[in-house]
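Before any comments, here is the structure.
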Amino acid sequence: MNTPAHLILGAAVFGKPGKRFMTASAVLGALAPDVSLYVMAGRSLIVAGIEPSIVSGMLFPH
């Protein structure tokens, strides 16, 4: 999961100056690969109550 790199590349490659819809689409498309990981990690932390060190270290290692 490297969201900042996805956002920068998506906006730089597909964003167009003066075209908000195109740029917004590029940013949303750049977020798409990481949304599932945020949902799974959020569920593990909030709903299941798993310790953050276990979530980041064992369940979703870097």
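Test Pro4 against the criterion of being without any contact (Cβ under 8 Å) to a residue 12 or more places away in the chain, part of a helix (DSSP H, G or I) and out of contact with any Pro (no Cβ under 8 Å at 6 or more places or on another chain), and give yes or no.
yes
Name the one entry in Thr23, Thr3 that is at pLDDT below 85 and of a type in the set (Ser, Thr, Tyr).
Thr3
Here is a yes/no grid of residues against (1) under 13 Å from Thr3 (Cβ atoms); (2) in contact with a Pro (Cβ under 6 Å, 6 or more places away or on another chain); (3) hydroxyl-bearing (Ser, Thr, Tyr); (4) exposed (fewer than 10 other Cβ atoms within 10 Å of the Cβ):
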| residue | (1), (2), (3), (4) |
| --- | --- |
| Val13 | no, no, no, yes |
| Ala26 | no, no, no, no |
| Val35 | yes, no, no, no |
| Ser44 | no, no, yes, no |
| Gly49 | no, no, no, yes |
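If a residue has to be of a type in the set (A, V, I, L, M, F, W, C), in contact with a Leu (Cβ under 9 Å, 6 or more places away or on another chain) and in a loop (DSSP other than H, G, I, E, B) to count, how many in segment 7-62 make the cut?
Matching residues across segment 7-62 total 2.
Please work out if Ile50 is touching a helix residue (DSSP H, G or I) at 6+ places or on another chain (Cβ under 7 Å), at pLDDT 90 or above and among the hydrophobic types (A, V, I, L, M, F, W, C).
So Ile50 passes the test.
Checking Gly57 against (1) modelled with pLDDT under 85; (2) surrounded by fewer than 13 Cβ atoms within 10 Å (Cβ to Cβ); (3) in contact with a helix residue (DSSP H, G or I) (Cβ under 8 Å, 6 or more places away or on another chain), which test does it fail?
Only one criterion in (1) modelled with pLDDT under 85; (2) surrounded by fewer than 13 Cβ atoms within 10 Å (Cβ to Cβ); (3) in contact with a helix residue (DSSP H, G or I) (Cβ under 8 Å, 6 or more places away or on another chain) is unmet by Gly57, namely (3).
The values are calculated or read from the model by the stated rules, or taken from the named source; none is laboratory data. Model, not experiment: these values are computed from the prediction. Counting neighbours? That spans all protein chains shown, and the Cβs are built from the backbone with ideal geometry, glycine included.
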